[in-house]
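Everything on this sheet refers to the single structure shown next.
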Amino acid sequence: MIPSIKHYLRWRLRRATQKKWKIIISKLRLSKLTTPMRDEIASMWNGTLASEDLYQIAALQQLSKNPSPLFVPEFQYYYNIEPTLNRRSFALAYSDKNFYERFISFPKGLFVRTVIRSMNGVLMNHDYAAIQDADAVASLETGVEYIFKPSTSTSGGDDVALISKDQDGKIRFKERLFDTWMEAINASGLKHGNYLVQERVQQHEWFAKWNPSSLNTVRLMTYRCVDTNQVHHLGSVIRFGRPGSLVDNQAAGGLTCGIDENGFSRSFVCDKYGHVDHEGCFGERVPMHHRMIEIAQELASQFPYHRILGFDFCVNQNGQVQLLEVNCKNIEVNFMQMNNGPLFQDHLARIIAFTNTNRKQHLFEFHY
């Protein structure tokens with residue numbers, strides 16, 4: 001990579017993480033790391049950490065109530081670890097929700113049923129056959145709410161909305177009525193033409209307890225070992241929205257609650273800035289969490305270019321696990337560590353060594 005571009009990316013990422021962590025740390029009475037702890041961390045990272053990385057580790061220790069030296073600072077994860085372990089040039093294709101049913105070998109019923117697709121502006125039905133605007137409208141049942149979402153980027157739940165058809169055949173989308181399908185889509189602000197319309201999941205009653213208006217999910221992370229290719233479950237959190245919200249993302253104000261090693265919800269929840277709340281469904285077994293781990297470990301090998309993955313699962317009213325998304329770039333790690341402790345645990349030393357001796361792939365990213 002051209003040095004000037006590399007330096008710009010480094011500066012931009014460092015600046016973004018600094019801004020976020022200043023807010024987080026300002027809300028804490030932060031205890032400084034002890035000298036032995038600083039020395040142990042410095043030795044592990046070969047003295048490459050900046051002072052702000054050490055402040056992040058101290059904050060993560062305090063938030064998670066875990067005094068481990070194995071926490072990963074956000075900058076180090078996004079700049080060094082993920083670009084080494086995951087081939088970012090393949091990420092856009094592998095994270096396209098319209099492609100999942102093409103390349104992922106999956107158990108029956110794993111995916112929420114897609115009614116309408118658009119790929120590169122080409123309108124399609126569930127089976128990838130090209131259709132016309134009138135066919136898209138006809139495929140919606142009158143009075144039934146569906147979920148509209150971009151297929152290639154839903155960062156923070158952006159552009160996720162309800163869509164339906166009324167008795168007169170008009171399309172209700174984002175609280176507005178449109179005469180034709182394309183009028184509704186053109187008003188959505190999505191210029192790239194990559195989206196899908198799915199049936200709205202009726203979620204399991206336990207997950208609905210966290211917040212009934214949003215589809216509440218489990219983010220589960222896996223790591224495929226650089227030495228053995230064995231897939232390890234790194235951790236899981238429950239994600240749920242605020243009252244009235246349609247999405248569960250922290251960027252949209254949502255909250256997270258960790259899941260412990262026995263599959264039970266932990267005793268606190270966090271927002272994106274680490275603010276801790278002690279109201280929730282704590283100390284309860286998370287329905288079907290063991291099954292989510294099994295599915296994630298089975299599917300991880302089908303992503304040969306990505307060693308770190310973030311799976312978003314939901315559980316429907318019949319107790320069936322369904323996969324909503326597989327994240328293979330820009331995988332959020334703060335909430336995982338705030339809730340559960342160090343992300344990589346005992347794998348960290350080997351991962352640091354691997355990133356120091358292997359090529360990183362940094363890319364400018366554009367929506368397409």
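Throughout, read-outs are computed from the coordinates displayed, never taken from laboratory work. Since the model is a prediction, treat every value here as computed from it, not as a measurement. Reconstructed Cβ throughout: ideal geometry from the backbone, glycine too, with neighbour counts over all protein chains shown.
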Rounded to the nearest 500, what is the 222 nm mean residue ellipticity of the chain from helices alone, with -39500 (n - 2.57) per DSSP H run of 4+ residues and division by all residues?
-8000 deg cm²/dmol
Grab the beta carbon distance between Arg242 and Phe106, set R0 = 35 Å, and tell me the FRET efficiency rounded to 0.05.
0.65
Mind sorting Val226, Val247, Val326, Val231 by how few other Cβ atoms lie within 10 Å of their own Cβ, fewest first?
Val226, Val231, Val326, Val247
May I ask you to list the aspartates and glutamates whose Cα is less than 15 Å away from that of Lys170, ignoring any residue fewer than eight positions away on the same chain?
Asp133, Asp135, Glu141, Glu145, Asp179, Glu183
Extended-chain gain in nm, criterion 0.36 nm per residue less alpha-carbon gap, Lys19 and Arg200:
61.5 nm
What is the extension gain from Asp346 to His275, computed as 0.36 nm multiplied by their sequence separation minus the C-alpha to C-alpha distance, in nm to one decimal?
22.8 nm
Would you please state the base-10 log of I(q)/I(0) at q = 0.08 1/Å for the chain, with intensities from the Debye formula using one equal scatterer on every alpha carbon?
-0.42
Which of Phe99, Phe207 has the fewest Cβ neighbours within 10 Å, and the rest in rising order
Phe99, Phe207
Mind checking the dipole of the range 1-70: about its Cα centre, +1 per Lys or Arg Cβ, -1 per Asp or Glu Cβ, Debye to the nearest 20?
480
Which residue, Arg266, Arg102, Arg87, has the most motion in a Gaussian network model of the chain that connects Cα atoms within less than 10 Å?
Arg102
Taking the Cβ of each residue in Cys270, Cys281 as the centre, tally the other Cβ atoms inside 10 Å and list the residues starting with the fewest.
Cys281, Cys270
Run the simple label-point estimate for Ser43 and Asn125 please: 7 Å along Cα→C-beta, distance reported in nm.
6.6
Above-threshold pairs, the threshold being 27 Å between Cα atoms, out of Lys97/Lys174; Lys97/Lys272; Lys20/Lys174; Lys108/Lys174:
Lys20/Lys174; Lys108/Lys174
Please enumerate, by chain and number, the aspartates and glutamates with C-alpha under 12 Å from the C-alpha of Lys22, excluding those fewer than 8 residues away in the same chain.
Glu52, Asp53
Specify the inter-centroid distance of the range 283-327 and the range 224-262, based on alpha-carbon positions, in whole Å.
10
Based on Cβ point charges of +1 for Lys and Arg and -1 for Asp and Glu, what charge dipole magnitude is obtained for the chain about its Cα centre, in debye rounded to the nearest 20?
1240
Rounded to the nearest Å, the spacing of the alpha-carbon centers of the range 94-143 and the range 160-214 is 14
When the chain is modelled as a GNM with alpha-carbon springs shorter than 10 Å, which of Ser214, Ser139, Ser236 fluctuates the most?
Ser139
